[in-house]
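Novice: The following block contains the structure, expressed as structure tokens.
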Amino acid sequence: MPVTRLQNYIDGAWVDSSASSTYPVTNPATGTVIGECPLSGAEELDAAVRSARKAFESWRRVPAQERVQYLFRFKTLMEEHAEELAAIVTRENGKTLSEAMGSVRRGIQMIDTATGAPSLMMGQALEDISSGIDCESIRQPMGVFACIAPFNFPAMVPLWFFPFAVACGNTFVCKPSEQVPFSQKLVWELIHEAGFPAGVLNLVNGGREVVESMCSHPDIAGVSFVGSSPVAEKVYAAAATNRKRVQALGGAKNFIIVMPDADMVLTTDNLCESAFGCAGERCLAASVILTVGEAHGPVRAGLIEHMNKVVVGDGSKPGVTMGPVINAGAKQRILDFIASGVADGAELVVDGREATVPDEGYFLGPTLFDGVTQDMKIATEEIFGPVLCIQKVASLDEALAITKAQPLANANSIFTQSGKSARQFRYEVDASMAGVNIGVAAPMSFFSFGGAKGSFLGDLKAHGREAFDFFTDRKVFISRW
């Protein structure tokens, strides 16, 4: 049976890529090739940008309340096709169907928030800033924006960006991950059905060449990126050098602090879901549990109990609670981390390498290390897989000091029933996304998303009100008549 070769969507139409090379798209649960993603070149990106630039001249003149009508239609179509889209996410990424559906719903929430553009784009005004002189500021769209999306949330992450961009009057070019392009194929089919004018939204499949071209193209005003911190640094440097706005969301090494007074049933349930949901392939996953004092024993016991209930398998099958990792390379990288933890002297409490898993596909069971210290690789580097570490500390101050020493600061949480401890954590923690008795500190669409330190490069973060700042320029008028 021949596999599908994907197309690009440029100027309101699906077009074949001229690329001679492709990336094989596989189902991680079986290893079977399900499609070919063309590795488009700079010329095809340029065609998309030229289309978007041309469309911008008329799209920016469409009143905001009319622009969002396209988003309302698009949202309705996304809701109608949500189950179909979730099934595609599971097939190309490996998530369980419930996890995939959750990500699709989160994406739809982004569209919902972006439809508030007529209010959220409002400016400010003040008369008589001096005698007879008035001042006002307005937001104006800037042109063509682009996003470079990751593999781990193929349907959701592009929706962090393009609904807000086009609601503000910009046009857009999206590059999905070449590993998971089928979900965006359906999304763009729904965009086409929603009737967006040609050139407003464009899709170019590809790899490194498209990314580099996005960072250097003179007609792209800004770039949004989600991925690892090393690549985020390169994207930020390249795009900023070319005078573009950049929001580069990088990697994570997330800590969760557990105080002795925490509700241990709630805590261990949340920790397990945080660490092993989506097979640990998310930037908000728990990575290191810092147990304060007497919290250590109950946390360890509770995690073991929960981990023994995890069912690993094909995410499309009923009863499965954890799917595969994305590909063979990712699996080997995680296996190398497990081996390094053993070599460094950590106690391997639950060994995911010995879990009962399907013979085909890229499966690992959940893994738990105890006795971890900060001189170990598993304690300091992003693993991006179903591996969780426990490190015992004496106090909240010691736990916070450990989090501050980590160069990445994406999402941290604390589990406690003490308002004093929660306030100290909130006041001192470096991570920009922080939770109290929350395992996955994921902001809703109307709040901003993005980390701190090495987890984020840029000034304005994703979605929420900050999206309207990122995708517009403030123009100030000072008038005397």
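The values are calculated or read from the model by the stated rules, or taken from the named source; none is laboratory data. Note that this is a predicted model, so its numbers are computed, not measured. Methodologically, a virtual Cβ is constructed for each residue, glycine included, from the backbone with ideal geometry; neighbour enumeration extends over all protein chains shown.
Novice: Considering only residues that are of a type in the set (Phe, Trp, Tyr) and without any contact (Cβ under 8 Å) to a residue 24 or more places away in the chain, look in the stretch 398-452 and name the one that is farthest from PHE255 (Cα to Cα).
Specialist: In this case the residue turns out to be PHE447.
To keep it simple, each residue is scored yes or no on (1) more than 25 Å from the chain's Cα centre (by Cα); (2) under 17 Å from VAL258 (Cα atoms); (3) surrounded by fewer than 23 Cβ atoms within 10 Å (Cβ to Cβ).
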position	(1), (2), (3)
ALA355	yes, no, yes
ALA405	no, no, yes
LEU408	no, no, no
ALA411	no, yes, no
ARG423	yes, yes, yes
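Novice: Out of all the residues in the stretch 274-291, is one or more buried (at least 24 other Cβ atoms within 10 Å of the Cβ), of a type outside the set (Val, Ile, Thr), over 16 Å from GLY385 (Cβ atoms) and touching a strand residue (DSSP E or B) at 6+ places or on another chain (Cβ under 9 Å)?
Specialist: yes
Novice: Looking at PHE471, PHE446, which is the one that is of a type outside the set (Lys, Arg), in the same structural domain as GLN140 (by TED's automatic domain parsing) and over 30 Å from THR268 (Cβ atoms)?
Specialist: PHE471
Novice: Another one. Under 8 Å by Cβ, and 6 or more places apart or on different chains, what pairs join a residue from the stretch 453-481 that is surrounded by fewer than 17 Cβ atoms within 10 Å (Cβ to Cβ) with one that is part of a loop (DSSP other than H, G, I, E, B)?
Specialist: ARG465/PHE446; ARG465/SER448; ASP473/MET142; ARG474/GLY123; ARG480/GLY132; TRP481/GLY132
Novice: Further, regarding this structure: For a quick check of your reading of the model, give me the residue pairs whose first member lies in the stretch 353-374 and is outside the structural domain of ALA339 (by TED's automatic domain parsing), whose second is in a loop (DSSP other than H, G, I, E, B) and among the hydrophobic types (A, V, I, L, M, F, W, C), with beta-carbon atoms closer than 8 Å and at least 6 apart or on different chains.
Specialist: Pairs found: none.
Novice: Going through the stretch 32-46 one residue at a time, which ones are under 16 Å from VAL144 (Cα atoms) and buried (at least 18 other Cβ atoms within 10 Å of the Cβ)?
Specialist: Hits for the stretch 32-46 are GLU44, LEU45.
Novice: Anything in the stretch 326-352 that is in a helix (DSSP H, G or I) and surrounded by fewer than 18 Cβ atoms within 10 Å (Cβ to Cβ)? List them, or say none.
Specialist: ALA328, GLY329, GLN332, ARG333, LEU335, ASP336, ALA339, SER340, VAL342, ALA343 - these are the residues of the stretch 326-352 that are in a helix (DSSP H, G or I) and surrounded by fewer than 18 Cβ atoms within 10 Å (Cβ to Cβ).
Novice: Which residues, counting only those in the stretch 217-227, are surrounded by fewer than 16 Cβ atoms within 10 Å (Cβ to Cβ) and not acidic (Asp, Glu)?
Specialist: Residue satisfying the conditions is PRO218 alone.
Novice: Restricted to the stretch 164-207, and to residues that are small (Gly, Ala, Ser) and part of a helix (DSSP H, G or I), which residue is nearest to the chain's Cα centre (by Cα)?
Specialist: SER183
Novice: Here's another thing I want to ask about it. When the residues of the stretch 8-31 are filtered to those that are without any contact (Cβ under 8 Å) to a residue 40 or more places away in the chain and of a type in the set (Ser, Thr, Tyr), which remaining residue is surrounded by the most Cβ atoms within 10 Å (Cβ to Cβ)?
Specialist: The residue in question is THR22.
Novice: Just wondering, is there one or more residues in the stretch 117-133 that are at pLDDT 95 or above and buried (at least 24 other Cβ atoms within 10 Å of the Cβ)?
Specialist: yes
Novice: Something else now. Can you pull out every residue in the stretch 357-386 that is within 18 Å of PHE255 (Cβ to Cβ) and among the hydrophobic types (A, V, I, L, M, F, W, C)? Break it down stepwise before answering.
Specialist: In the first step, residues of the stretch 357-386 are kept if they are within 18 Å of PHE255 (Cβ to Cβ); the result is 367-386.
Selection gives LEU368, PHE369, VAL372, MET376, ILE378, ALA379, ILE383, PHE384.
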